[in-house]
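Shown next, in C-alpha coordinates, is the structure this report addresses.
The values are calculated or read from the model by the stated rules, or taken from the named source; none is laboratory data. Small disclaimer: the values here were computed from a predicted structure and weren't measured. Cβ placement follows ideal geometry from the backbone for every residue including glycine, while neighbour counts extend to all protein chains displayed. Quick note on the areas: whole protein, heavy atoms, side chains included, nothing else; ligands and nucleic acids left out. Shrake-Rupley method; radii C 1.70, N 1.55, O 1.52, S 1.80 Å.
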Amino acid sequence: MCLGNQTWEEMFDGNPEKKMDIEQLNEWEYMAFGKVVQVNPVVVDCGMLQVENEIHSHDERCIGEYVAIKIDRLDAIAR
(Lines give C-alpha, C1' and ligand atoms only; values in the text may rest on other atoms or scores of the structure.)
Protein backbone atom coordinates (compact mmCIF):
# COMPACT_ATOMS: atom_id res chain seq x y z
CA MET A 1 0.00 0.00 0.00
CA CYS A 2 1.50 3.27 -1.12
CA LEU A 3 0.01 6.59 -0.16
CA GLY A 4 1.02 8.37 -3.37
CA ASN A 5 3.24 10.92 -1.67
CA GLN A 6 6.09 10.47 -4.16
CA THR A 7 6.42 12.53 -7.27
CA TRP A 8 6.82 10.92 -10.69
CA GLU A 9 10.43 12.19 -10.73
CA GLU A 10 11.20 10.67 -7.32
CA MET A 11 9.96 7.26 -8.47
CA PHE A 12 11.67 7.26 -11.87
CA ASP A 13 14.92 8.94 -10.73
CA GLY A 14 15.16 7.02 -7.43
CA ASN A 15 16.84 3.87 -8.74
CA PRO A 16 19.95 4.87 -10.74
CA GLU A 17 21.74 1.67 -9.63
CA LYS A 18 18.99 -0.41 -11.31
CA LYS A 19 18.40 -2.47 -8.17
CA MET A 20 15.69 -5.10 -7.97
CA ASP A 21 15.01 -5.55 -4.25
CA ILE A 22 12.82 -4.65 -1.30
CA GLU A 23 14.51 -2.83 1.60
CA GLN A 24 12.87 -2.35 4.99
CA LEU A 25 12.95 1.25 6.19
CA ASN A 26 11.29 0.68 9.58
CA GLU A 27 8.68 -1.61 11.11
CA TRP A 28 6.04 -1.20 8.38
CA GLU A 29 7.68 0.88 5.66
CA TYR A 30 9.71 -0.46 2.76
CA MET A 31 11.37 0.84 -0.37
CA ALA A 32 10.73 -1.25 -3.47
CA PHE A 33 13.34 -1.08 -6.24
CA GLY A 34 12.57 -2.67 -9.58
CA LYS A 35 11.91 -2.53 -13.29
CA VAL A 36 8.58 -1.75 -14.96
CA VAL A 37 7.59 -4.86 -16.93
CA GLN A 38 4.00 -3.97 -17.87
CA VAL A 39 1.66 -1.01 -18.14
CA ASN A 40 -2.13 -0.77 -17.82
CA PRO A 41 -1.89 -1.84 -15.01
CA VAL A 42 1.72 -1.05 -14.22
CA VAL A 43 3.68 -4.02 -12.82
CA VAL A 44 7.12 -3.49 -11.27
CA ASP A 45 9.37 -6.55 -10.96
CA CYS A 46 11.36 -6.19 -7.73
CA GLY A 47 13.07 -9.57 -7.96
CA MET A 48 11.47 -11.37 -5.03
CA LEU A 49 8.00 -9.97 -5.73
CA GLN A 50 6.02 -7.90 -8.19
CA VAL A 51 4.35 -4.66 -7.16
CA GLU A 52 1.16 -4.02 -9.12
CA ASN A 53 -0.87 -0.90 -9.80
CA GLU A 54 1.08 1.53 -7.58
CA ILE A 55 2.14 3.63 -10.55
CA HIS A 56 -0.58 4.54 -13.02
CA SER A 57 0.33 4.85 -16.70
CA HIS A 58 -0.73 3.68 -20.13
CA ASP A 59 2.56 4.84 -21.69
CA GLU A 60 4.52 1.83 -22.97
CA ARG A 61 7.72 3.90 -22.84
CA CYS A 62 7.71 3.16 -19.07
CA ILE A 63 8.43 -0.52 -19.77
CA GLY A 64 12.06 -1.25 -18.93
CA GLU A 65 12.47 1.80 -16.70
CA TYR A 66 13.86 1.28 -13.21
CA VAL A 67 11.92 2.83 -10.34
CA ALA A 68 11.90 3.24 -6.56
CA ILE A 69 8.54 3.11 -4.78
CA LYS A 70 8.00 3.82 -1.09
CA ILE A 71 5.63 1.26 0.43
CA ASP A 72 3.87 2.41 3.58
CA ARG A 73 2.57 -1.05 4.40
CA LEU A 74 3.42 -4.34 2.71
CA ASP A 75 0.81 -7.08 2.39
CA ALA A 76 1.50 -10.18 0.32
CA ILE A 77 -0.86 -12.54 -1.49
CA ALA A 78 0.39 -15.93 -2.64
CA ARG A 79 -0.60 -16.85 -6.22
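Details
- When A76 is tested against the conditions (1) open to solvent by 70 Å² or more (accessible area, probe 1.4 Å); (2) modelled with pLDDT of 85 or more, the lone failure is (2).
- Any chance M20 is touching a residue at least 12 places away in the same chain (Cβ under 8 Å) and closer than 19 Å to W8 by Cα: yes
- Residues of segment 1-41 that are assigned to a helix (DSSP H, G or I) and modelled with pLDDT of 90 or more: E9, E10, M11, F12, D13.
- Near pairs, Cβ below 8 angstrom, 6+ apart or cross-chain, from segment 61-74 (under 20 Å from W28 (Cβ atoms) and among the acidic types (D, E)) to any residue that is assigned to a loop (DSSP other than H, G, I, E, B) and open to solvent by 50 Å² or more (accessible area, probe 1.4 Å): D72/M1; D72/L3; D72/W28
- With respect to the conditions (1) at pLDDT 85 or above; (2) of a type in the set (D, E, K, R); (3) not in a strand (DSSP E or B), E54 falls short on a single one, namely (1).
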